[in-house]
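The values are calculated or read from the model by the stated rules, or taken from the named source; none is laboratory data. Computed from a prediction, not measured in an experiment: that's the story for all the values here. Cβ coordinates were reconstructed from backbone atoms using ideal geometry, including for glycine residues, and neighbour counts include every protein chain displayed.
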Number of protein chains: 2
Amino acid sequence: MNKVDHLIHAKWMVTCADDNQVLEDHTLVIHDNKILAILPGTEATQRYQANDEQHYLSHAITPGFINSHTHIAMNLFRGLADDLELMDWLNNHIWPAESKWVSQELVYDGSLLAMAEMIRCGTICFNDMYFFLGATAQAAELAGMRAHIGMTIIDVPTAWAKTTEEYFTKAIEFYQQYKNNELITPTLAPHSTYTVSTENLEKVKKLADDYHLKINIHLQEAPSEIEYSIKKYHQRPLQRLHNIGMLSPNLIAIHMTQINDADFAILQETQPNIVHCPESNMKLVSGSCPVEKLAQMGINVALGTDGAASNNDLDMLGEMRSAALLGKITANDPKALPAMHALKMATINGAKALGIEHITGSLEPGKAADFIAIDLNHIETQPVYHPVSQIVYATPRSQVTDVWVAGKQLLKNRELTTLDEKELIKKAQTWRKKIKS
Amino acid sequence: MNKVDHLIHAKWMVTCADDNQVLEDHTLVIHDNKILAILPGTEATQRYQANDEQHYLSHAITPGFINSHTHIAMNLFRGLADDLELMDWLNNHIWPAESKWVSQELVYDGSLLAMAEMIRCGTICFNDMYFFLGATAQAAELAGMRAHIGMTIIDVPTAWAKTTEEYFTKAIEFYQQYKNNELITPTLAPHSTYTVSTENLEKVKKLADDYHLKINIHLQEAPSEIEYSIKKYHQRPLQRLHNIGMLSPNLIAIHMTQINDADFAILQETQPNIVHCPESNMKLVSGSCPVEKLAQMGINVALGTDGAASNNDLDMLGEMRSAALLGKITANDPKALPAMHALKMATINGAKALGIEHITGSLEPGKAADFIAIDLNHIETQPVYHPVSQIVYATPRSQVTDVWVAGKQLLKNRELTTLDEKELIKKAQTWRKKIKS
């Protein structure tokens, strides 16, 4: 008998590996915070003896969700202003609130609030873009989540940095501090093609090459962005980035709701990763990313919620459902974006976009012990004919019972192990009073 | 001091009355199963002494939700077949399963399973269309819900009735049995214009007039339905019903995703009620009901989930969110279908469609004590700037804590009071084994 740390027995196991298998009555063998094997339950108990055994008898085990686009600190602005035109929303509500309140303290408290929400819906990793990066990193270390933290570059002064030069300086400082962290990964995040000059985009590109960093950018989110680019630069934003040499598998292009034939050709040639944010795109009427067509072209599309101020939640189960429903109407085909595709967008495709598919995103031997348990033994998800259909089309996020990241349990039978729920709610209420006044 | 049955104190109260008020620190005064008054908390306790006081200190009280289009027994087919073309789905999966399994027993068990799900997400009333009506009625009596039960008329033999004549006979029998029931209301439900002959539609119309019954019909759900009607009847389905004289405020037209200018003119003239089912329409790529435009024309639009086999849940909170998001992209306007509009579709507009707005649908003195409590004191819904935004855009259904129908509490701190959750899950699992085999 080999000694191992954990045996995780489950009714169903959805690996999200290439073969799209759904295993029944299988066991995850966990040792040294990694997946050692996935075996039929009886075989696992014959071959391994564990310090700890978990029995998820009515649960599906899946990889933890990867939320591939967030502005997590904005959880403190959730519901501040809704049902508005994008520019009214930004100019008259969000930007004034941000310019008055965004600080080290707000970003820390908002980040923790968001992480509590994310862990409680099965999210193990997020890909953020905001200010006061150190506060988000500190919060992630406390929470125990995988955090990809975008070092924002924008030609607009904020409380975080007054000049573009300062954004770059702070980015490099942050990178130096976190470059060797196990769970925290710095990335570059030029805000968009309409808020960063060509010269500064080129500087971002050089920095990304020098330090081997992923680049995140909001790209072709809405028609107005295309119009502006054509007027100012006589080319579409995607073409402009292509000319700068920024398009490659290293780029994470967020939104991409506006894609014409020339764009499709560029995307196929250069193979960037795309992050689809269906609920934000619908709420702000930005357009709709043609996920099915991109997938057929072999382009990797991951899933993100965007910030809670424009969604208004960080619920990846709900986001998968919205992606499947919107994907069908966008492709005009009810067979488009089936449940398994939606689940893979939220797991392995996210890992590929973030460049961590060798570590996480699927349940396979050698990968980290990153997984979640979803209890399907509830009124809301009975009977179970196909666990993946049930997860994507019917499961409320409250049925996520347990969340493990790198072998550490962050949610245990719905209870957070690293964060104090009541304390976070109290802090949110204090911020509300300040911000509303 | 006047003696009353209950004082329901709440942090927020969203009345869904015409003035769209959101009251803070108010109290519902309940007596004889009706709302006697809505007062500021201090005034209520000065004027009334109650046998029972409930303190919902971090909750929003709203009218209970009305799910205006369901096939509830189909909960037992939830997730049996997804991501398929409508006709493949019906012909090769749903209809074979129905023809083999639909029975008094399946409808009773499936109805109870659905009612448990509905109560647990704040739904107090549903408007159904299926077979074995008596089984659904019996289940509703046990559950304590308001049930509008559609007496299906269809020119297709089923386990319920072999001939259209038999459907009519059974409808009249059911009507006679339940015509004076407090919570159960029989309605007529000719399935659609493509499954019922003109002669039988005329018969339905006469029966509705004679017995003062609402008529429910699936109408202009998808492009193929229009094509079929034009080919066979040389007119669109709406025009055909108009010629029969069926269009009036008495008609509940379900779906209406296909509306041209001539249709808009007919709708404005005749003022039927429309039920929008956004998630079903998206999942089956049926089209999208132009809710914002219809509302501006003064046409009442309510909200329904459709059956769990094509949604795949009966979650009215999720359905409101989908209605708001889809409503915005359909109107191409982020200001369209704001949160309060979505909430009213799920409450007072449903009551208007079902002809029970004098009894329920809003919190107003004289109406029944039908209300729900939603706890906003969770990580997922903090901070609270606007309770209605929070309810529609962020609240998971697990935060519905209490549900009252006609003064009786059906959900008490998340526990069902009339139904046995474990027993229902066990029954669902037994049906699954049979149906899957």
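Has region B:337-344 got at least one residue that is in contact (Cβ under 8 Å) with a residue 12 or more places away in the chain, over 19 Å from the mean Cα position of the chain (by Cα) and surrounded by fewer than 24 Cβ atoms within 10 Å (Cβ to Cβ)? Steps first, please.
Looking only at region B:337-344, we keep the residues that are in contact (Cβ under 8 Å) with a residue 12 or more places away in the chain, and these are B:337-344.
Still in the running and over 19 Å from the mean Cα position of the chain (by Cα): B:338.
Cutting the leftovers down to surrounded by fewer than 24 Cβ atoms within 10 Å (Cβ to Cβ) gives us B:338.
So far as region B:337-344 goes, yes, one or more of its residues are in contact (Cβ under 8 Å) with a residue 12 or more places away in the chain, over 19 Å from the mean Cα position of the chain (by Cα) and surrounded by fewer than 24 Cβ atoms within 10 Å (Cβ to Cβ).
If I ask for residues that are closer than 23 Å to A:G361 by Cβ and of a type in the set (G, A, S), which ones from region A:105-128 would you list? If you could, list the steps in order and put the result at the bottom.
Step one: filter region A:105-128 for residues closer than 23 Å to A:G361 by Cβ, giving A:111, A:114-128.
Within region A:105-128, A:S111, A:A114, A:A116, A:G122 meet the criteria.
Residue by residue through region A:296-314, note down the ones that are of a type outside the set (V, I, T) and either touching a Phe, Trp or Tyr at 6+ places or on another chain (Cβ under 6 Å) or farther than 9 Å from A:E279 by Cβ (or both).
Passing the criteria: A:Q296, A:M297, A:G298, A:N300, A:A302, A:L303, A:G304, A:G307, A:A308, A:A309, A:N312, A:L314.
Could you check region B:60-88 and list, in sequence order, the residues that are within 14 Å of another protein chain (Cβ to nearest Cβ) and outside any loop (DSSP other than H, G, I, E, B)? Show your work before the answer.
If we filter region B:60-88 for residues that are within 14 Å of another protein chain (Cβ to nearest Cβ), which is where we start, we get B:60, B:72-88.
Of everything in region B:60-88, those that are within 14 Å of another protein chain (Cβ to nearest Cβ) and outside any loop (DSSP other than H, G, I, E, B) turn out to be B:A60, B:I72, B:A73, B:M74, B:N75, B:L76, B:F77, B:L86, B:M87, B:D88.
Name the single residue that is surrounded by the most Cβ atoms within 10 Å (Cβ to Cβ) among those in region A:21-47 being part of a helix (DSSP H, G or I) and of a type outside the set (S, T, Y). Reasoning before the result, please.
Of the residues in region A:21-47, the ones part of a helix (DSSP H, G or I) are A:41-47.
Going one step further and asking which of them are of a type outside the set (S, T, Y), we end up with A:41, A:43-44, A:46-47.
Details: A:G41: 17, A:E43: 13, A:A44: 22, A:Q46: 11, A:R47: 15.
Once the filter is applied, the top-ranked residue is A:A44.
Taking the options A:H242, A:H255, name whichever one is modelled with pLDDT of 95 or more and touching an Asp or Glu at 6+ places or on another chain (Cβ under 6 Å).
Numbers: A:H242 fails: touching an Asp or Glu at 6+ places or on another chain (Cβ under 6 Å).
Going through A:H242, A:H255 in turn, the sole match is A:H255.
Inspect all residues belonging to region A:287-296 and state whether any of them is within 12 Å of chain B (Cβ to nearest Cβ), surrounded by fewer than 24 Cβ atoms within 10 Å (Cβ to Cβ) and under 20 Å from B:L337 (Cβ atoms). Before you say what the answer is, go through the steps one by one.
So in region A:287-296, the residues within 12 Å of chain B (Cβ to nearest Cβ) come out as A:287-288, A:292.
After this cut, where a residue has to be surrounded by fewer than 24 Cβ atoms within 10 Å (Cβ to Cβ) as well, the list is A:287-288, A:292.
Subset that is under 20 Å from B:L337 (Cβ atoms): A:287-288.
The answer is yes, given that some residue of region A:287-296 is within 12 Å of chain B (Cβ to nearest Cβ), surrounded by fewer than 24 Cβ atoms within 10 Å (Cβ to Cβ) and under 20 Å from B:L337 (Cβ atoms).
It is to be established whether one or more residues within region A:21-44 are touching a strand residue (DSSP E or B) at 6+ places or on another chain (Cβ under 9 Å) and at pLDDT below 95. Lay out the reasoning, then the answer.
Applying the first criterion (touching a strand residue (DSSP E or B) at 6+ places or on another chain (Cβ under 9 Å)) to region A:21-44 yields A:21-44.
Remaining after also requiring at pLDDT below 95: A:21.
Yes; the residues of region A:21-44 include at least one that is touching a strand residue (DSSP E or B) at 6+ places or on another chain (Cβ under 9 Å) and at pLDDT below 95.
A:Q54 versus (1) farther than 22 Å from A:C121 by Cβ; (2) in the same structural domain as A:Q390 (by TED's automatic domain parsing); (3) surrounded by 16 or more Cβ atoms within 10 Å (Cβ to Cβ); (4) of a type outside the set (S, T, Y): which is the lone unmet condition?
(1)
Among the residues of region B:422-432, is any among the charged types (D, E, K, R) and in a loop (DSSP other than H, G, I, E, B)?
Going residue by residue through region B:422-432, those that are among the charged types (D, E, K, R) are B:422-423, B:426-427, B:432.
With the extra rule that they be in a loop (DSSP other than H, G, I, E, B), the set shrinks to none.
Among the residues of region B:422-432, not one is among the charged types (D, E, K, R) and in a loop (DSSP other than H, G, I, E, B), which makes the answer no.
With B:M115, B:M151 as the choices, which residue is closer than 12 Å to B:F174 by Cβ, in contact with a Leu (Cβ under 7 Å, 6 or more places away or on another chain) and crowded, with 24+ Cβ neighbours inside 10 Å?
Working: B:M115 fails: closer than 12 Å to B:F174 by Cβ.
Of B:M115, B:M151, the one residue that is closer than 12 Å to B:F174 by Cβ, in contact with a Leu (Cβ under 7 Å, 6 or more places away or on another chain) and crowded, with 24+ Cβ neighbours inside 10 Å is B:M151.
Going through region A:89-128 one residue at a time, which ones are within 12 Å of chain B (Cβ to nearest Cβ) and either over 18 Å from A:S310 (Cβ atoms) or without any contact (Cβ under 8 Å) to a residue 40 or more places away in the chain (or both)?
A:L90, A:H93, A:D109, A:L112, A:M115, A:A116, A:I119, A:R120
Among A:L213, A:L241, which is in a loop (DSSP other than H, G, I, E, B) and either touching a Ser or Thr at 6+ places or on another chain (Cβ under 9 Å) or charged (D, E, K, R) (or both)?
Values: A:L241 fails: in a loop (DSSP other than H, G, I, E, B).
Answer to the selection: A:L213.
In region B:375-384, how many residues are at the interface with another protein chain (Cβ under 7 Å from one of its Cβ atoms) and assigned to a helix (DSSP H, G or I)?
Qualifying residue count, region B:375-384: 2.
Do the conditions hold for A:T305, that is, is it more than 14 Å from chain B (Cβ to nearest Cβ) and hydroxyl-bearing (S, T, Y)?
Details: more than 14 Å from chain B (Cβ to nearest Cβ): no; hydroxyl-bearing (S, T, Y): yes.
The answer is no for A:T305.
What residue, among those in region B:385-418 that are more than 7 Å from chain A (Cβ to nearest Cβ) and assigned to a loop (DSSP other than H, G, I, E, B), is surrounded by the most Cβ atoms within 10 Å (Cβ to Cβ)? Quick ask: steps written out before the conclusion?
Of all residues in region B:385-418, those more than 7 Å from chain A (Cβ to nearest Cβ) come to B:387-388, B:391-392, B:395, B:399-418.
When the remaining residues are screened for being assigned to a loop (DSSP other than H, G, I, E, B), the result is B:395, B:406-407, B:413-414, B:417-418.
Working: B:T395: 26, B:A406: 18, B:G407: 16, B:N413: 9, B:R414: 14, B:T417: 14, B:T418: 18.
Among those that are more than 7 Å from chain A (Cβ to nearest Cβ) and assigned to a loop (DSSP other than H, G, I, E, B), it is B:T395.
Mind telling me which of the residues B:T360, B:T418, B:T330 ends up being without any contact (Cβ under 8 Å) to a residue 60 or more places away in the chain and on the phi < 0 side of the Ramachandran plot?
Values: B:T360 fails: without any contact (Cβ under 8 Å) to a residue 60 or more places away in the chain; B:T418 fails: without any contact (Cβ under 8 Å) to a residue 60 or more places away in the chain.
Within the list B:T360, B:T418, B:T330, the selection yields B:T330.
Taking region A:163-206 as the search range and keeping residues that are among the aliphatic types (A, V, I, L, M) and in contact with a Leu (Cβ under 6 Å, 6 or more places away or on another chain), which one is surrounded by the fewest Cβ atoms within 10 Å (Cβ to Cβ)? Write out each step before concluding.
Narrowing region A:163-206 to residues among the aliphatic types (A, V, I, L, M): A:171-172, A:183-184, A:188-189, A:196, A:201, A:204.
Of the ones still in play, those that are also in contact with a Leu (Cβ under 6 Å, 6 or more places away or on another chain) are A:188, A:204.
On the way: A:L188: 26, A:V204: 23.
The selected residue is A:V204.
Working carefully through the options A:T45, A:T27, find the one that is in contact with a helix residue (DSSP H, G or I) (Cβ under 6 Å, 6 or more places away or on another chain) and either closer than 14 Å to A:V4 by Cβ or without any contact (Cβ under 8 Å) to a residue 12 or more places away in the chain (or both). It would help to see each step written out before you state the result.
Numbers: A:T45 fails: in contact with a helix residue (DSSP H, G or I) (Cβ under 6 Å, 6 or more places away or on another chain).
Of A:T45, A:T27, the one residue that is in contact with a helix residue (DSSP H, G or I) (Cβ under 6 Å, 6 or more places away or on another chain) and either closer than 14 Å to A:V4 by Cβ or without any contact (Cβ under 8 Å) to a residue 12 or more places away in the chain (or both) is A:T27.
Within region B:345-364, work out how many residues are out of contact with any Phe, Trp or Tyr (no Cβ under 7 Å at 6 or more places or on another chain), of a type in the set (S, T, N, Q) and crowded, with 24+ Cβ neighbours inside 10 Å. Outline the logic, then answer.
Keep residues of region B:345-364 that are out of contact with any Phe, Trp or Tyr (no Cβ under 7 Å at 6 or more places or on another chain), which gives B:345, B:348-362, B:364.
Still in the list and also of a type in the set (S, T, N, Q): B:349, B:360, B:362.
With the extra rule that they be crowded, with 24+ Cβ neighbours inside 10 Å, the set shrinks to B:349, B:360.
Residues that pass the stated criteria total 2.
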